[in-house]
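Here's the structure, in structure tokens; my notes come after.
The values are calculated or read from the model by the stated rules, or taken from the named source; none is laboratory data. All values derive from a computational prediction rather than experimental measurement. All Cβ positions, glycine included, derive from the backbone under ideal geometry; neighbour counts span all protein chains shown.
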């Protein structure tokens, strides 16, 4: 009998299991994958996410993998250029984009070292109920017989197609349609650093260095262009670079050597899903998913995995009702993630509203406010602070922004 069973061992599940096990709870983690293994991902970890890794004693392991630091960010959005870097967060003055073969293996190892039992290659097929309360799961290895595992609490950290969410009937209560698709792959022969460029033609490129001397290169286009794009993926990929950033497109053609197959990302709508109930909870993309445009998936998995661990510990240690504690987790997650969710949904449309165009265009003219914007993206500046009326009025005044263009609120 376990205290907690965690279904899914990647960026939300393993940190949750590790933190609970470090506090003496008996934790089982089940994942259908074996590690190291790859998964579709942006790779990007914001400073706020790296801060969690540092607090858990794992950041040095990520850095030791050889993933290069990024200390300059180049954002270009429909003619607005913001270049620089956010102020340090907890002393962290860089961001990193590790391969998931590297990052997830580190997280799984840390969960085991903390005392959690991790079983790889086990697929959860169902959840067990007793008097309408979840009390465990059924799982099998490959085509083997189903086994039952029992626990006081079950957490689904098994992604947007969560088996746990499906079996408990967790409903989506907030949804914003997905706007785009992504294709990406890995290239040698390029030394570009981090670029995030969106053109007026509603298409975007992203580049960032990762492990083994390779750069991840990505393109994003609106969903209605997917069919045409996939008819000639390589040609379409090159075309987007040529159109969005011609200089990079030329270098890609002349010097870039693709090392792996292209990978498509056709993700579901942005959503919040009911994430708690009697004996169960959801974390990571299982409970809350947004467009990969802002690269906040991994960081949010860390942040809210830690929050759920804190609340579950209160319940498991008898300090309050476990179900009440987990309900508080879901409430806090919704409140704390709302700004990121709304900004991500807006930016992923690949065209700015007049309000965001006004704010970002003004911020690009000020080193101080450019750093604030990058701090917002990094997780060190709260949206309520950056977008406050007083802050925007001071920004517009500093850069002498035209009076008729000064928008202080969303229409």
Give region 254-272 a look and list any residue that's farther than 15 Å from residue 216 by Cα and in a helix (DSSP H, G or I), or say none.
254
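Name the residue that is farthest from residue 408 (Cα to Cα), counting only residues in region 359-371 that are out of contact with any strand residue (DSSP E or B) (no Cβ under 8 Å at 6 or more places or on another chain) and crowded, with 20+ Cβ neighbours inside 10 Å.
Of everything passing the filter in region 359-371, 369 is farthest from residue 408 (Cα to Cα).
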Per the list (1) in contact with a strand residue (DSSP E or B) (Cβ under 7 Å, 6 or more places away or on another chain); (2) not in a helix (DSSP H, G or I), residue check on residue 237 breaks on (2)
Checking residue 34 against (1) surrounded by fewer than 16 Cβ atoms within 10 Å (Cβ to Cβ); (2) within 20 Å of the chain's Cα centre (by Cα), only one condition comes out false. Which one?
(2)
Give me a count of the residues in region 58-87 that are in a loop (DSSP other than H, G, I, E, B), more than 16 Å from residue 370 (Cβ to Cβ) and touching a residue at least 40 places away in the same chain (Cβ under 8 Å).
6
Give the number of residues within region 199-228 that are in a helix (DSSP H, G or I), under 28 Å from residue 357 (Cα atoms) and in contact with a helix residue (DSSP H, G or I) (Cβ under 9 Å, 6 or more places away or on another chain).
1
Does residue 392 fit the bill of being outside the structural domain of residue 291 (by TED's automatic domain parsing), more than 25 Å from the chain's Cα centre (by Cα) and farther than 22 Å from residue 179 by Cβ?
yes
Does at least one position in region 283-291 carry a residue that is out of contact with any strand residue (DSSP E or B) (no Cβ under 8 Å at 6 or more places or on another chain), outside any helix (DSSP H, G or I) and in the same structural domain as residue 14 (by TED's automatic domain parsing)?
no
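Quick check: anything in region 326-334 assigned by TED's automatic domain parsing to the domain that holds residue 150 and without any contact (Cβ under 8 Å) to a residue 24 or more places away in the chain?
The answer is yes; a qualifying residue exists.
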Residues to consider are 108, 124, 135; find the one that is in a strand (DSSP E or B) and buried (at least 22 other Cβ atoms within 10 Å of the Cβ).
124
Residue count, region 346-358, condition touching a strand residue (DSSP E or B) at 6+ places or on another chain (Cβ under 7 Å) and either in the same structural domain as residue 222 (by TED's automatic domain parsing) or closer than 16 Å to residue 411 by Cα (or both), comes to 1
Name, by its number, the condition in (1) touching a helix residue (DSSP H, G or I) at 6+ places or on another chain (Cβ under 8 Å); (2) under 22 Å from residue 208 (Cβ atoms); (3) buried (at least 16 other Cβ atoms within 10 Å of the Cβ) that does not hold for residue 70.
(1)
Residues satisfying the stated conditions in region 343-379, i.e. in a loop (DSSP other than H, G, I, E, B) and over 18 Å from the mean Cα position of the chain (by Cα):
350, 351, 352, 353, 364, 365, 366
